[in-house]
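For reference, the structure is listed below as structure tokens.
The values are calculated or read from the model by the stated rules, or taken from the named source; none is laboratory data. Here the structure is a predicted model, which means the values were calculated and not measured. Here the Cβ is made from the backbone with ideal geometry for all residues, glycine too, and neighbour counts use every protein chain on show. For accessibility, only protein heavy atoms count, side chains too; no ligands or nucleic acids. Shrake-Rupley method; radii C 1.70, N 1.55, O 1.52, S 1.80 Å.
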Amino acid sequence: MKQYKLFSIDGRPLANEICEHLSTLTDSDIRVGKFKIDQFSDGEFSPQFLESIRDKSVFLTTTLTSSDAIIKLVLSIDAAKRASASEIIIVLPYLAYSRQDRREGHRGSIGGKAIADLIKNAGANKAILFDLHSEQIQGFFDMPVEHIPGWVAFTEYVKELDPTCDWTVCSPDAGGVKRAMRFYQHFVKTHETATFSMLSKLRDKPNSIERMDLIGDVNGRCVILIDDMVDTGGTLLLAAKLLKEAGALKVHAICTHGVLSGPAYDRLSGENGQYLDSLVISTSIPSNFHDKIKTVSCAQPIAKTIFAMTRSVSVAQTLLPL
Ligand code: R5P
């Protein structure tokens, strides 16, 4: 077994929860390592490991939701490298810029690739990533990547869904069909009458929807929308409205990453919010309370992945099925 330590760059309780799961899996007391980040008056960050990491596998957890979080991660990787960690494994429940997975227009950047390059060049050796916007983003990271599919965090929640309903699994756009289809493959094992449908979404600019159309029949059915993230809530709530207008009895949504920026909370409480019965997100990003939102922890699949990596055994077999 590899000697390893886990540190939280963002100081979120998720790291403690991951350690609790690891302690259960290993039957030993695993704790988050001592680490701090100072900030200077001009805004610059300065990370410091407060315990030795020499020749250790070092897991660095942080949710990348902001540009500051990216800089903190890059500096922390650099600090770990200079403190003689034997390998540096980044654990990112959410990866910012992942929607920028191709060049926009003729002279735009590929944000996701640029961020991956920063992380690699700082000295990270491996990555654990959770429900990427598209699986191909793994290829941006020139290192082994363990990609945890989003649905594994929601298996317990799915068991609570009313078995007497005729369910339809729905993707809110063409880009999410593969993810929704993978969810459907598991869902249909327990909900045999389940069908699949999708919406087509045309965007005129980021976070703005020009047009959305339903492909499939949801009349008299309960719909579960599957998306990797809910950001401003525009996609989700327009989808819920269209589905209800098409005769859906209930519309529930599972969105792995609750970005919930800008008008999201107001929208959930607003006019179109009435069409959505519930929204389930994971703890990959901290969220505020809202009576429509339920959160499901993503600590267990992350802990299982770390456990498998430190034991040098198959991540896939450790993780799936949960
Ligand atoms: C788009 O490709 C994503 O999967 C989400 O549907 C989208 O980013 C959500 O953004 P918003 O909530 O602002 O519509």
Within the chain, what is the longest stretch that has no GluC sites (Glu not before Pro) placed in a DSSP loop and near at most 16 other beta-carbon atoms within 10 Å?
-> 193-322
Which value in deg cm²/dmol, rounded to the nearest 500, describes the helix-derived mean residue ellipticity at 222 nm for the chain, given -39,500 (n - 2.57) per DSSP H run of n ≥ 4 and division by the residue count?
-> -9000 deg cm²/dmol
Using Cα centres only, tell me the gap between region 47-68 and region 252-303 in whole Å.
-> 28
Taking Cα centroids, how far is region 168-184 from region 74-93 in Å?
-> 35
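What is the percent carbon and sulfur in the accessible area of the chain, measuring with a 1.4 Å probe over the protein chains and ignoring ligands? Please list the in-between numbers first.
Working: 7310 of 15140 Å².
In the chain, the share of accessible area belonging to carbon and sulfur is 48 percent.
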Once you put a point 7 Å from the Cα of residue 20 and another 7 Å from the Cα of residue 42, both along the Cβ direction, what distance in nm separates them?
-> 4.2
Over the alpha carbons of region 89-238, what is the largest minus smallest coordinate on each principal axis, giving the biggest first in Å?
-> 52, 35, 20
Label point distance in nm, residue 181-residue 314, each placed 7 Å from Cα along Cα→Cβ = 2.4
Probe 1.4 Å, all protein chains present, accessible-area order of 42, 27, 227, largest first = 27, 42, 227
What accessible area per residue comes out for region 152-291, rounded to a whole number of Å², with a 1.4 Å probe?
-> 45
If you average 1/r over every pair of different alpha-carbon atoms in region 1-151 and take one over that average, what Kirkwood value in Å do you get?
-> 16.0
If you line up the Cα atoms of the chain on their principal axes, what length do they span on each, largest first, in Å?
-> 61, 47, 33
With Cα coordinates, the longest principal axis of the chain makes an angle with the long axis of helix 177-190, in degrees rounded to 10, of 80
Using the Karplus curve 6.51 cos²θ - 1.76 cosθ + 1.60 with θ = phi - 60°, work out ³J(HN,Hα) for each residue of region 140-157 in order, rounded to whole Hz, and write x for Gly and Pro.
-> 5, 8, 7, 6, x, 10, 9, 9, 8, x, x, 4, 5, 7, 10, 4, 5, 4
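At a temperature of 4 °C and a viscosity of 1.567 mPa s, determine how fast region 1-53 diffuses translationally according to Stokes-Einstein, using the Kirkwood radius over alpha-carbon pairs as Rh; express D in µm²/s, rounded to the nearest whole number. Write out the running numbers ahead of the final one.
Values: Rh = 12.5 Å.
Here the translational diffusion coefficient equals 104 µm²/s.
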Can you check what the net charge comes to around residue 38, using other residues whose Cβ is under 13 Å from the Cβ of residue 38 (Lys, Arg +1; Asp, Glu -1)?
-> 0
Are there chymotrypsin sites (Phe, Trp or Tyr not before Pro) in region 211-305 that DSSP marks as loop and that have at most 14 other Cβ atoms within 10 Å, and which are they?
-> 289
When each of 34/304; 113/292; 126/201 is checked by Cα-Cα distance, pairs over 30 Å | 113/292; 126/201
Treating the angle as unsigned and between 0 and 90°, give the value, to the nearest 10°, between the Cα long axis of helix 67-82 and the longest Cα principal axis of the chain.
-> 30
May I ask for the angle, rounded to the nearest 10°, between helix 234-245 and the longest principal axis of the chain, with both axes built from Cα atoms and the value confined to 0 to 90°?
-> 30
Take the Cα coordinates of region 154-247, assign each an equal point scatterer, and use the Debye formula without solvent to give log10 I(q)/I(0) at q = 0.13, 0.19, 0.23 Å⁻¹.
-> -0.42, -0.88, -1.23
By a straight-distance test (C-alpha under 23 Å), which lysines pair with residue 120 as possible cross-link partners, with residues fewer than eight away in the same chain excluded?
-> 2, 5, 36, 56, 72, 81
